[in-house]
Amino acid sequence: MGEPVKPVYSVVVPCYNEEDCIRETHSRLSAVMRGMGEGYEILYINDASRDRTPQLLDELAAGDPAVRVIHFARNAGHQLAVSAGLDHASGSAVVIIDADLQDPPELIPEMARLWREGAEVVYGMRRSREGEKWFKKATASAYYRLLRRLAGNAFPEDTGDFRLADRRVVDVVRNMPEHARYLRGMFAWAGFRQVPLLYDRAPRFAGETHYPLKKMLRLAANGVLSFSEKPLLWPLWSGLVWLLAGFAVLIALAVLLLLGRDVSGLVMPLILCLASGSLLFSLGVLGAYLARVYEEVKGRPLYVVASTRGFGAPGPELPPGTRRRA
Ligand code: UDP
Ligand code: MG
């Protein structure tokens, strides 16, 4: 026997304390995958759950040759659990889906159809969010708008991690060595042909969210901090405004002096404007350098090659994410 046959589809499912969901998730997911009539594997990443999730996953693996399980030694968080799944997936297309059935597995065949038609990433875009509080909906929508402002319009709104991605895009994302992983942003960054698939986000099948406000804020901060340098440059602009105000005061002061008026009331504003202006401005200059350092440290690929022509058959094996720092 040679190499085991690679599956067409890999499904990556991060799981943290999902004992009440996992069986139902597996049965719905495998029903869908079996129905697609092609090879598949399902990778469950147990993110160091403290309930019965690990045992349940091992049972699933024992009863189903399509199941792979990765147990984490410590809780690393959703984004890193998914990253581990991407690292271990061998399919030509990789699906990322939550373990709580908020992302309906029944959409996977439609994602696969769009992939067959040439889409390289099919991302689930939430048309509605059933069972989520108004607070979550309002903050999520405001946040996505802010992110698009700061990081550019490549960031789709109302999009989580539920998606199907072609092997080549997965390899680009795996080639991005950053530790603060905001996967939906990294997929958007990769480029390629990306198409949305609208869906209604279901309520959680069972259990509670593992994304309390604190974790949510950290993820949100990662999105901005990993994909936008603009906040670092803000003091540059506000410093400039203060400095300009300072010069205006200076001119007013000079004019009043020439007219022989009392200028004592303008001295404090002048000092205030010039002092805060120059401080803020130099902070902004530091920010500009820091932004460059940060860009270098992230060590992302310089460019992403989609395909090549004319190198002659069989052509060089260009790695998908291509050149990294030595
Ligand atoms: N999850 C994880 N590690 C964590 C927290 C969550 O792997 O530390 C998984 C969880 O099991 C689920 C997915 O990430 O499959 C999304 O989490 P959750 O449903 O709690 O978040 P929400 O949908 O409420 O944003
Ligand atoms: Mg959920």
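Things to note:
- Failed criterion for Ser49 (all others in (1) part of a loop (DSSP other than H, G, I, E, B); (2) surrounded by fewer than 19 Cβ atoms within 10 Å (Cβ to Cβ) hold): (2)
- Residue in region 22-40 that is closer than 30 Å to Glu178 by Cβ and free of Cβ contacts under 8 Å to residues at least 60 places away in the same chain present: yes
- Condition met for Leu43 (within 29 Å of Asn222 (Cα to Cα), in a strand (DSSP E or B) and more than 16 Å from ligand 2 (Cβ to nearest atom)): yes
- Residue within region 23-36 that is of a type in the set (Lys, Arg), more than 18 Å from Lys215 (Cβ to Cβ) and within 15 Å of ligand 1 (Cβ to nearest atom) present: yes
- Of the residues Glu59, Glu38, the single one that is modelled with pLDDT of 95 or more, in a helix (DSSP H, G or I) and out of contact with any Asp or Glu (no Cβ under 7 Å at 6 or more places or on another chain) is Glu59.
- Tabulated pairs, region 186-210, first within 16 Å of Val170 (Cβ to Cβ), second within 16 Å of ligand 2 (Cβ to nearest atom), C-beta under 7 angstrom, 6+ apart or interchain: Phe187/Arg163
- One residue stands out among those in region 211-241 that are more than 15 Å from Tyr182 (Cα to Cα) and free of Cβ contacts under 8 Å to residues at least 12 places away in the same chain: the one that is nearest to ligand 2 (Cβ to nearest atom), which is Pro212.
- Elements of type helices (runs of 4 or more DSSP H) contained in region 140-247, each with 2 or more residues being surrounded by fewer than 19 Cβ atoms within 10 Å (Cβ to Cβ): 167-174, 213-227
- Index of the failed condition, Asn75 passing every other in (1) over 23 Å from Pro4 (Cβ atoms); (2) in a strand (DSSP E or B): (2)
- Region 113-138, residues that are assigned to a helix (DSSP H, G or I), without any contact (Cβ under 8 Å) to a residue 60 or more places away in the chain and not basic (Lys, Arg): Trp115, Trp134, Phe135, Ala138
- Taking the conditions (1) in a strand (DSSP E or B); (2) touching a residue at least 60 places away in the same chain (Cβ under 8 Å) in turn, Leu107 satisfies each one other than (1).
- Set Ala76, Ala81, Ala48: member being near ligand 1 (Cβ under 10 Å from one of its atoms) and at positive phi: Ala48
- Test for Asp87: is it under 20 Å from the mean Cα position of the chain (by Cα), within 20 Å of Lys6 (Cβ to Cβ) and away from ligand 1 (no atom under 11 Å from the Cβ): yes
The values are calculated or read from the model by the stated rules, or taken from the named source; none is laboratory data. Small disclaimer: the values here were computed from a predicted structure and weren't measured. Note that we place each Cβ from the backbone using ideal geometry, even for glycine, and neighbour counts take in every protein chain shown.
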